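What follows is one structure encoded as structure tokens, with my remarks underneath.
Every number in this text was worked out from the coordinates using simple rules, so none of it is lab data. Values in this document were obtained by computation on a predicted structure and should not be read as measured data. Backbone-built Cβ (ideal geometry, glycine too); neighbour counts: all protein chains shown.
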2 protein chains.
Amino acid sequence: MPPPSSSPSESVVRAWARLERAHRAAQTTVEARLKEAGLPALAWYDALLELERAGPAGLRPFELQREMLFAQYNLSRLIDRLAAAGYVTRAASAEDGRGQVLTITREGKAIRKRMWPVYAAAIEDAVGRHLSSVEAATLADLLGRLYSRQAS
Amino acid sequence: MPPPSSSPSESVVRAWARLERAHRAAQTTVEARLKEAGLPALAWYDALLELERAGPAGLRPFELQREMLFAQYNLSRLIDRLAAAGYVTRAASAEDGRGQVLTITREGKAIRKRMWPVYAAAIEDAVGRHLSSVEAATLADLLGRLYSRQAS
DNA sequence: CCTATTTAGATGCAACTGCATATTTATGGA
DNA sequence: TCCATAAATATGCAGTTGCATCTAAATAGG
């Protein structure tokens, strides 16, 4: 969407505009499906998945924050809700007096598992349906470049 | 990010996960730059751009909604704010008694123009910097497929 | 050791979003 | 023509996000 100037190339501007739209469309689908099924929101899934992957050692909030690219205050409250729902446990960190360690509970694992079929179907519908497997891999690759940690 | 099942292929799931992350990263950058510069948020730009493109005939809210893939109630309030800021005008539609017609004001055009350099730099930084022009075009193409209006 | 700075996390408050639903006008049939 | 339904837009309320800032612990210098 290239109005006046041209420091980003036209294709870059178009890519960005479509990133917005495509994301909005896909997210809307996914969130709607989860809600229809009476399940928690997308962000819950993502957090629970990371915690499940982290295993019994758990994760520090700031680590989770980096994984999810979530704002700090935002994550802090997401954790509140997950903890209130009984899906994660907060324990004081042994090595760092300021921090805590998050671990997923049995209920957390269970709900994540229960979310997956619905989530998977939504992903297929919002993304998979439109792309071949090779195209999806290309897309994943290009998107990965946009946030890989290597800066300037 | 493929836990148990496998109805969407692994590459599809990865593409979706990265769509989330990449979008979040890019949007965070863009919004931050606009805010730093004391300018309105991203959504304002998008709406103003569509309205400017529509010319003096303006747009109906529902048309803008389709362009932006914005939720109806969400757009309704965005328009409130744009109107309150003096950037758009709402007039009753001549053909449709339920509806209204939105047009961008001179001030609206001015602020959009003022936003562009900052926005453009942010896009370059969040997207352009990471991709060649061909890659950006490929990305735009693939993303476009995810929300083109042809359904199932 | 002591202070200045940085890092981890929480929080009050305002803005925004989502949901459900209301209101008004159009429209397609009986 | 009348009615049932659909479309366009608005809105009260609750939940979420963003901002700014706070506290407490860690860490780097001196």
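Between residue B:141 and the same site in the other copies, what are the distances in nm, shortest first, taking label points 7 Å from Cα along the C-beta direction?
1.4
Return, for the Cα atoms of the protein assembly as shown, the radius of gyration and Dmax in Å, separated by a comma.
For the protein assembly as shown, the Cα radius of gyration and maximum Cα-Cα distance read 20.9, 69 Å.
Can you work out which chain B residue has the shortest Cβ-to-axis distance for the rotation that carries B onto A, and give it in Å?
B:23, 2
Taking the square root of 5 times each eigenvalue of the Cα gyration tensor, what semi-axes in Å does the equivalent ellipsoid of segment A:10-143 have, largest first?
Those come to 30, 19, 13 Å.
If amide hydrogens are placed 1.01 Å from N in the peptide plane, which non-local residues have theirs closer than 5 Å to the one on residue B:60?
When sequence neighbours closer than 5 places are left aside, the close amide H contacts are B:102.
Counting each DSSP H run of 4 or more residues in chain B as -39500 (n - 2.57), what helix-only mean residue ellipticity at 222 nm follows after dividing by all residues, to the nearest 500 deg cm²/dmol?
Details: 6 runs with 95 residues, N = 152.
The per-residue figure over chain B is -20500 deg cm²/dmol.
What number comes out for the charge environment of residue A:44, summing +1 per Lys or Arg and -1 per Asp or Glu over other residues with Cβ under 10 Å away?
Details: positive: A:81, A:112; negative: A:46.
Charge balance near residue A:44 sits at +1.
Straight-line reach from residue A:113: which lysines have Cα under 21 Å away, leaving out those fewer than 8 places along the same chain?
A:35
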